[in-house]
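A short worksheet on the structure shown next.
The values are calculated or read from the model by the stated rules, or taken from the named source; none is laboratory data. These figures come from a predicted structure and were not determined experimentally. Glycine also receives a Cβ, built like all others from the backbone with ideal geometry; neighbour counts cover every protein chain displayed. What goes into the accessible areas is simple: the full protein's heavy atoms, side chains included, and nothing from ligands, DNA or RNA. Shrake-Rupley method; radii C 1.70, N 1.55, O 1.52, S 1.80 Å.
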Amino acid sequence: MKAAVYEGPRTVTVKDVPDAKIEHPCDIIVKITTTNICGSDLHMYEGRTSFESGRTLGHENMGQVVEVGSAVRKVQVGEYVVLPFNIACGFCKQCEQGLTNYCLTMQPEPALAGAAYGFADMGPYQGGQAELLRVPYGDFNALRLGEDAAERQTDYVMLADIFPTGYHATEMAHVKPGDQTIVFGAGPVGLMATYSALLKGAGRVWTADHQPDRLRKAEEIGAIPINTAEQNPADVVKEATLGLGADNGCECVGYQAHDPQGHEDASLTLNGLIDSVRFTGDIGVVGVFLPQDPGGAEAQGELEAQGKVPIDFGMMWFKGQRMGTGQAPVKRYNRALRDLIAGGKAKPSFVVSHELSLDEAPTAYEHFDARDEGWTKVVLHPNGHGNGHKR
C-alpha cells in the first residue's frame, strides 16, 4: 500500500510500505478515504520531535472498514468510521474515567500514558496518511457514521482530532452562553475552538493571529479578528471590557509560537492569555507543548529545549486564574459533535482549503508548513477523489 512516510526534517515521501494487517482479534482494518494534515504533524515534519524516520504520518483519519478481527462484535465491514487520534483500550484506569487521551494499555512505555497514530512518543503505531490503517480495539475506537458519511467526509473527518480538540479547549476554559472569549491562534484548531465557543453561545469571541487568510476564516464564522502584527490582543480585549479582560481564553498554538517577524517564543501565547483574561478567569491549553524539543535550543534557548517555558506565573497567581492543559479525550465529545454535524447544526469543513491525492502529500506539507496564503487546512484522499482547491 502507499503511504506518506517521514524521511527526516522537512522530507516526506509517498512510497510503498507493507499493507496494514490484523495483529490482534480486536483489530479492524480501515481503507482510508480521507485523512488530514494537522498542525501537530508540522512539529514532526520540521524535526522538532523524536519522530522516527521511516514511519507513516497521519492521526486525523476516516474511512471504510474492509476487515475485522475475530473478536470484533459491533463494527462491520463496509461501514464508514471516523477514528479518534487517541488509541485507547477502553478498560484501563484512565479509560474507565473517560481519559482515553492518557490510556495506559496502548502506551508501551510504563512511565508514559497516551497513544496515537503516527505521533512522536505515543507508541509504535503507523499513521493513516496511507491507503490502509490498522485500528486496535476497533469496537471501542471507531465511531460509526450514518448514511451521509461518504458525501460529507470533510465534515466528519474533523471528528478525529481538531473539532473535539477545539471543543476541549472551550471545555477547559469553561466557556458558557454569553461569555466573552479570546482564542490565540487561527490555525485549524484555533478556528475549531472559535467555532466551538460560538456554538456554545459565547456572546463575543476574539481570535488572535497574524495570518490574514486565517483571520478572515474566523471573521466569516462570526468572530472578531485581531491581527497581532498590528494590535496587542490584551489591549483590544480590555478596551472592549471596561479594562477587565475576557471571561476565558484558549491557547491553540503551542511551543513553536512566534511573532509576526518569525521569532519563536514558547511563552508568547500563554503570557498573552494571562494578560488578556480577567481575574479568576479560565484558560484552556490544547496547543502542543513537549518536554523535549530537539530544535528548541537553537530556535529559542536551552530551557525551552527541555520544555521549560517562562510564563508570567506570578501574574496568573495574582489574578486567580485557572489553566487546563493537555490533549483532548476525543471520545468524550465526538459522538455529540457527530450528531451536530448530522443534524446540520455544525459544518467544520469550513476550514478546508485543499483536497488532494495522497501523491501530493509532499507538496502539501511544504505549503502548509510555510503558512502560504490560502493553505488553511489540507485534506488528503489516499484512495482517490483529490480535486485540488476546494474553494
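Report, by residue number, each residue of the range 328-341 that is closer than 14 Å to LEU143 by Cα and either more than 21 Å from the chain's Cα centre (by Cα) or open to solvent by less than 50 Å² (accessible area, probe 1.4 Å) (or both).
Answer for the range 328-341, where residues must be closer than 14 Å to LEU143 by Cα and either more than 21 Å from the chain's Cα centre (by Cα) or open to solvent by less than 50 Å² (accessible area, probe 1.4 Å) (or both): PRO329, VAL330, TYR333, ASN334, LEU337, ARG338, ILE341.
Report, by residue number, each residue of the range 117-135 that is farther than 18 Å from LEU290 by Cα, surrounded by fewer than 24 Cβ atoms within 10 Å (Cβ to Cβ) and in contact with a Ser or Thr (Cβ under 8 Å, 6 or more places away or on another chain).
GLN126
Taking into account only those residues within the range 197-220 that are over 19 Å from the mean Cα position of the chain (by Cα) and of a type in the set (A, V, I, L, M), which is nearest to GLY287 (Cα to Cα)?
Out of the qualifying residues, it is VAL205.
With (1) in contact with a Leu (Cβ under 9 Å, 6 or more places away or on another chain); (2) open to solvent by 10 Å² or more (accessible area, probe 1.4 Å); (3) touching a residue at least 12 places away in the same chain (Cβ under 8 Å) as the list, and GLU220 as the residue in question, which single condition is left unmet?
For GLU220, the failing item is (1).
Can you tell me which residue among ALA299, ALA257 is crowded, with 16+ Cβ neighbours inside 10 Å, touching a Leu at 6+ places or on another chain (Cβ under 9 Å), hydrophobic (A, V, I, L, M, F, W, C) and closer than 23 Å to TRP375 by Cβ?
Only one candidate passes the filter, namely ALA257.
For the range 51-75: of the residues being of a type outside the set (A, V, I, L, M) and touching a Cys at 6+ places or on another chain (Cβ under 7 Å), which is surrounded by the fewest Cβ atoms within 10 Å (Cβ to Cβ)?
GLY69
What are the pairs, 6+ residues apart or on separate chains, where a residue within the range 137-156 that is more than 16 Å from THR34 (Cα to Cα) has its Cβ under 6 Å from a residue that is part of a strand (DSSP E or B) and open to solvent by less than 40 Å² (accessible area, probe 1.4 Å)?
Within 6 Å, the pairs are GLY138/ILE28; ASN141/VAL135.
If we keep just the residues of the range 323-345 that are assigned to a loop (DSSP other than H, G, I, E, B) and out of contact with any Asp or Glu (no Cβ under 8 Å at 6 or more places or on another chain), which is farthest from GLN94 (Cα to Cα)?
Going through the qualifying residues, I end up with GLY344.
Just for the range 311-327: of the residues that are of a type outside the set (A, V, I, L, M, F, W, C) and open to solvent by 80 Å² or more (accessible area, probe 1.4 Å), which one is farthest from PRO233 (Cα to Cα)?
THR325
Select, from GLN231, GLN256, the only residue that is within 20 Å of the chain's Cα centre (by Cα), farther than 16 Å from ASP312 by Cα and outside any strand (DSSP E or B).
That would be GLN256, the only listed residue that is within 20 Å of the chain's Cα centre (by Cα), farther than 16 Å from ASP312 by Cα and outside any strand (DSSP E or B).
Mind listing just one residue for me: the one in the range 20-34 that is in contact with a helix residue (DSSP H, G or I) (Cβ under 7 Å, 6 or more places away or on another chain) and in a loop (DSSP other than H, G, I, E, B) and, of those, nearest to HIS59 (Cα to Cα)?
ASP27
If you go through the range 346-363, how many residues are assigned to a helix (DSSP H, G or I) and over 17 Å from the mean Cα position of the chain (by Cα)?
Residues that pass the stated criteria total 6.
Can you tell me which residue within the range 352-383, out of those that are β-branched (Val, Ile, Thr) and touching a helix residue (DSSP H, G or I) at 6+ places or on another chain (Cβ under 9 Å), is nearest to GLY63 (Cα to Cα)?
The selected residue is VAL379.
Quick one: would you say ASP247 is in contact (Cβ under 8 Å) with a residue 40 or more places away in the chain, farther than 18 Å from THR325 by Cβ and open to solvent by 20 Å² or more (accessible area, probe 1.4 Å)?
yes
Out of GLY78, GLY114, GLY98, which single residue is part of a loop (DSSP other than H, G, I, E, B), within 19 Å of the chain's Cα centre (by Cα) and surrounded by fewer than 12 Cβ atoms within 10 Å (Cβ to Cβ)?
None of the others qualify; the one that does is GLY98.
Answer with yes or no whether GLY320 is outside any helix (DSSP H, G or I), in contact with an Asp or Glu (Cβ under 8 Å, 6 or more places away or on another chain) and touching a residue at least 24 places away in the same chain (Cβ under 8 Å).
no
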